[in-house]
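Please read the structure below before turning to the comments.
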Amino acid sequence: MSDSPYSERVLRLRDRLIGHEQPCFIIAEAGINHNGSLDLALKLVDMAADAGADAVKFQKRHLPSLYPEELLQNANLAEWSFQYMLPVLESVKLSDDDFRRIRDHCDARRIRFMCTPWDEETLGGLEELGVPLYKVASADLINLPLIDAIANTGKPLVLSTGMATWDEIERTVAHLGERGADFAILHCVSTYPAPFENLNLRTIERLKAFGVPVGYSSHERGIVMPVAAVALGACIVEKHITLDRTLPGPDHAGSVERAGIERMVRDIRNLELALRGGEKQLSAMELQNRLVLRKSLVAARDLAPGTVVEPEMIATLGPGKGLSPQRIDELVGVTLHRNVAAQEYFTEGDLVLPETLHIDSAPLRKRWGLKARFHDLEEILALKPELVELHFSEEDLDHVWVPPPEPLDQQLVVHALEFADQRLLDLSSPDDAWRERCIALVQHTIDRSVELGAHFSGQVSVVIHVGGMSMDEPDPDVDALMARSIDALRRLDSRGAILLPENLPPRPWYLGGQWFQNLWTYPQHMVEVCQETGLGMTLDISHAQLHCAHAGTLLEDYVRRCLPHTRHLHLADASGIDHEGLQIGEGVVDWDRLLELVADDDFTWVPEIWSGHLHGHAGFVHAVNRLAAYGRL
C-alpha cells in the first residue's frame, strides 16, 4: 500500500481523467430502476444527461451463469430473500438490442454508457457495446475470476466495497495491484436505503491509503452524503436515480428523482469550486469590501511639511484607501514631506522619500489613456495621457464640472454607470420596467458624454455593460437575453458618439456577491451583437482571460475572434476565474504573445488595474510603463 494519504494515480478514459485533483466523476446509477422497460431506461438516460452527470450506469445479468438450474426452476429451495429477488431480476431483463439502443441514446445525449456485468457471459456482450469503464458490484468484490476477466479487457474498473470486511478489501486490492490493473475503490454500505448511522463515511479517508482513486457509492436517502463524501476526498460518486421513488422494486426507495440528481450534481460542482486551492486568497469582492469597510490612518489635525509624526497626530477613519492602522508604529516618528490636512489619509508614500511617478510614453504608438473620476481628473490629466476614460456613477450624470477655457488635448471615453437605485443596470432584464429605466440611464450617459466631449479632442466613445447577470443560478435562456440586449442597443441614440459594449467576466462580483454572467462572456456573444448592431466593442483582456480559465479555452483564440470588432482595450492581468484587474505580469496572461497578436490592429487602450488610482495613481503608471516596454503598443 502507498504511504501517501492521497493518490496520484488516475483512471484514464479517452476524454477524461478520474482521480485526485480531477473533477468528481459522477455516475447516475439507473441500475434496474427501468423495471424492464426500454422507454423508462431511455428516460433515465435523459435525466442523467440533463443533470450533468458524467455517466449513466445500468446492470446486466445472465441468470443461468449466476445460479444453479434447480434454484432458477424452484426459488423455494433457497433463502426467502432469494425467493423475493429472483422474480424481480426476471422482470427487469432487457434484451441485447435494448442495451444497444440505450448505448446509442447515451452517445446522442453525450453521456458515457456504463454497465455492471454480473457474470462473464454478460461481460462479453458489453465489450461489443464499447463500455469505457466497468463497475464491479459490491457482491463481486470477492469474485476474483470475474474481476480478472474484466481486468483482461484492458478497461479501468471501479470496485464497490459494500458488505466486505477490511481483510477482503485488502486481498482483492492486492490481487489487482499484482495484475497492474487500473482501478478505483468506492466506499459503500450495501443496504437499501442505508441508515445514516451506518454510513461510516470516514472509511473514505482510510481507503486512500491504497494509493488508487477513491469514491463513494451512495445508498442512503437524500443528497447530502455524496457531497460530504467529496469533501472527504471522494473523486467518484455513484447515486441511484429513478423516475418515481414509489415504483415497485428494491432500489427505488433509496434513489433520487430528477430534482435530486440535478441538485446533487450542482452541489458537488459548487463544492469543488469552494475547495480549490489551499492558500488564503482574497476574492475580488473581498478586495472591494476591504476598501469600503476597513479603516485607514488619517491626520488628526493639519500637519505641515517637516512635522515629525507623533501618536496624538493620528486618527483612524474609513474607508480603507490609506495606510493600514496595523502600520501605525511605522508612521510614528516619520518626518512629513507634504501638507496633510485634517482627516486626510496617510499613504505609503509618507513612509518613504517622495517617488517621482513618470510615464515613459516614447515607445507608445497607439492612442493610450488612463481611467479617472471627476474628483481626480486634474491629477490624471497632469500625467499627460492621450485620452481619459471617465467612469460614471449615477451621481456623475448630473455632476457640475467646470471645464477649462480651451478644449483639452485628450480624447474622451466615458464608461457608463453599472448600477443605479441599488440595482445592477441590465439592458436584457426580463423586468420590463427596470429594463426601460436602464435604457434611459444609458441614454442619459450618452447625452452627458456628448456634452462633455465638446471640451475634449476627437470623437467621444461610451463603454457599456449590457447586463445579463443572475445571482443564484445561470440563466438557461441566453437567446432571450441576447435578443433583449440587441433591441436595447438599437434603441440608443448615439448622437455621434461611438458606443462600445464590453465583454464581461464569467463569475463577476457585483453588489456584495458573486454572480453568473450569462451574456457577453463568450466571444461569439460579442461577435453576434456587433454584427447585428453594427457597433464595435471594448475588449477587456482580464475579463477574457477569466472566461478562458472558466471555459477551458485559449486567450489567443478569444482575442483573435474579437479583434475585427475591437475599438478600445482594457488591459490588466488575471488569474483563476474571478481574480481580475491584476498588475501587468502578475497573473497568467502571456503579454508577449498577446501584444504581438494585436500589434497591427487599430484601437485605443487604458490600463484597468485594480485600485491603480491609489498612491498617486502608481498602479496605472507602472502598468503603462510595463506595457510600453514590450514596444508593440
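The values are calculated or read from the model by the stated rules, or taken from the named source; none is laboratory data. Keep in mind it's a predicted model, so treat the numbers as computed, not measured. In this analysis, Cβ positions are derived from the backbone assuming ideal geometry, glycine residues included, and neighbour counts consider all displayed protein chains. Side chains included, ligands, DNA and RNA excluded: accessible areas come from the protein's heavy atoms. Shrake-Rupley method; radii C 1.70, N 1.55, O 1.52, S 1.80 Å.
Descriptive notes on the structure:
- Flag if Ala304 is open to solvent by less than 60 Å² (accessible area, probe 1.4 Å) and in contact with a Gly (Cβ under 8 Å, 6 or more places away or on another chain): no
- Selection of the range 464-484 for residues being of a type in the set (Val, Ile, Thr) and either open to solvent by less than 30 Å² (accessible area, probe 1.4 Å) or in a loop (DSSP other than H, G, I, E, B) (or both) yields Ile464, Val466.
- The number of residues in the range 524-555 being in a helix (DSSP H, G or I), open to solvent by 10 Å² or more (accessible area, probe 1.4 Å), of a type outside the set (Ser, Thr, Tyr) and over 16 Å from Gly576 (Cβ atoms) comes to 6.
- Pairs where the first residue, in the range 298-327, is over 28 Å from Gln288 (Cα atoms) and the second is open to solvent by 40 Å² or more (accessible area, probe 1.4 Å) and not in a loop (DSSP other than H, G, I, E, B), C-beta under 6 Å, 6+ apart: Val308/Thr335
- Restricting Val265, Val237, Val212 to residues that are in contact (Cβ under 8 Å) with a residue 60 or more places away in the chain, under 19 Å from Leu133 (Cβ atoms), under 30 Å from the mean Cα position of the chain (by Cα) and assigned to a helix (DSSP H, G or I) narrows the list to Val265.
- For beta carbons closer than 6 Å, sequence separation of 6+ or different chains, a first residue in the range 448-461 that is under 15 Å from His399 (Cα atoms) and a second that is at pLDDT below 95 and hydrophobic (A, V, I, L, M, F, W, C), the qualifying pairs are Arg448/Leu397.
- Against the list (1) modelled with pLDDT under 95; (2) of a type in the set (Gly, Ala, Ser); (3) open to solvent by less than 10 Å² (accessible area, probe 1.4 Å), the condition Gly215 fails is (1).
- Among the residues of the range 418-434, those that are in a helix (DSSP H, G or I) and of a type outside the set (Gly, Ala, Ser) comprise Asp432, Trp434.
For (1) modelled with pLDDT of 90 or more; (2) closer than 21 Å to Asn33 by Cα; (3) assigned to a helix (DSSP H, G or I); (4) more than 37 Å from the chain's Cα centre (by Cα), each residue gets a yes or a no:
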{"position": "Asn76", "(1), (2), (3), (4)": "no, no, yes, yes"}
{"position": "Gln83", "(1), (2), (3), (4)": "no, yes, yes, yes"}
{"position": "Val88", "(1), (2), (3), (4)": "no, yes, yes, yes"}
{"position": "Cys106", "(1), (2), (3), (4)": "yes, yes, yes, no"}
{"position": "Phe113", "(1), (2), (3), (4)": "yes, yes, no, no"}
{"position": "Leu126", "(1), (2), (3), (4)": "yes, yes, yes, no"}
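- Scan the range 435-463 for residues that are open to solvent by less than 70 Å² (accessible area, probe 1.4 Å), touching a strand residue (DSSP E or B) at 6+ places or on another chain (Cβ under 7 Å) and either among the small types (Gly, Ala, Ser) or outside any strand (DSSP E or B) (or both) and the total you get is 12.
- All conditions but one from (1) out of contact with any Pro (no Cβ under 6 Å at 6 or more places or on another chain); (2) open to solvent by less than 50 Å² (accessible area, probe 1.4 Å); (3) more than 24 Å from Cys115 (Cα to Cα) apply to Phe196; the one that does not is (2).
- Pair list, Cβ under 8 Å, 6 or more apart: the range 195-207 residue under 16 Å from Glu238 (Cα atoms) and outside any helix (DSSP H, G or I), other residue open to solvent by less than 90 Å² (accessible area, probe 1.4 Å) and among the hydrophobic types (A, V, I, L, M, F, W, C): Leu199/Val189; Leu199/Met225; Leu201/Met225; Leu201/Ala228; Leu201/Ala229; Leu201/Leu232
- For the range 577-598, the set of residues classified as open to solvent by 20 Å² or more (accessible area, probe 1.4 Å) and without any contact (Cβ under 8 Å) to a residue 60 or more places away in the chain consists of Leu582, Gln583, Gly585, Glu586, Gly587, Val588, Asp590, Asp592, Arg593, Glu596, Leu597, listed by residue number.
- Residues satisfying the stated conditions in the range 602-617, i.e. within 19 Å of Leu633 (Cβ to Cβ) and aliphatic (A, V, I, L, M): Val606, Ile609
- Count of residues meeting criterion [among the basic types (Lys, Arg) and assigned to a strand (DSSP E or B)] in the range 561-613: 1
- Check on Ala259, of a type in the set (Gly, Ala, Ser), open to solvent by 10 Å² or more (accessible area, probe 1.4 Å) and touching a residue at least 40 places away in the same chain (Cβ under 8 Å): no
- Breaking point among (1) surrounded by 22 or more Cβ atoms within 10 Å (Cβ to Cβ); (2) farther than 25 Å from Ser449 by Cα; (3) among the small types (Gly, Ala, Ser); (4) over 18 Å from the mean Cα position of the chain (by Cα), for Ala574: (4)
- Matching option when the condition is without any contact (Cβ under 8 Å) to a residue 60 or more places away in the chain, of a type in the set (A, V, I, L, M, F, W, C) and open to solvent by less than 20 Å² (accessible area, probe 1.4 Å), among Leu390, Leu412: Leu412
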